[in-house]
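Below: one structure, written as structure tokens.
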Amino acid sequence: MSFTEKEFLQAKHRLEEAQARNREKERKVRTRRLIQEGAVLEKAIPQVRQMSLEQLEGYLCGLIK
């Protein structure tokens, strides 16, 4: 393997690692947002805590219509 090939592979690997870090960061941001939105929903409508996901979806869709 030549020096330039090795450099290319190293650069490619660094890029892949950076992309993986970005994906993980985006997932963490999304997870945090979803948790916060769920907390706001529970605070605004306390009875949603006892609902299944299907019931919650039906309830929310009913509010929109």
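Please treat every number below as a calculation from the coordinates, not as lab data. In this text, all values refer to a predicted model and were calculated from it rather than measured experimentally. Reconstructed Cβ throughout: ideal geometry from the backbone, glycine too, with neighbour counts over all protein chains shown.
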Helix 53-64 vs. the chain, principal-axis angle (Cα, 0 to 90°, nearest 10): 70
Label corresponding to Cα extents along the principal axes in Å when calculated from the structure given, among (1) 65, 20, 18; (2) 31, 25, 15; (3) 69, 27, 25: (1)
On Cα atoms only, tilt of 3-44 relative to the major axis of the chain in degrees: 10
Value of [θ]222 nm, deg cm²/dmol, for the chain, DSSP H segments ≥ 4, -39500 (n - 2.57) each, nearest 500: -29500 deg cm²/dmol
Lys, Arg +1 and Asp, Glu -1 on Cβ, resulting dipole of the chain about Cα centre, debye, nearest 20: 220
Cut-off 14 Å between beta-carbons: net charge of the residues surrounding Arg30, Lys and Arg +1, Asp and Glu -1: +3
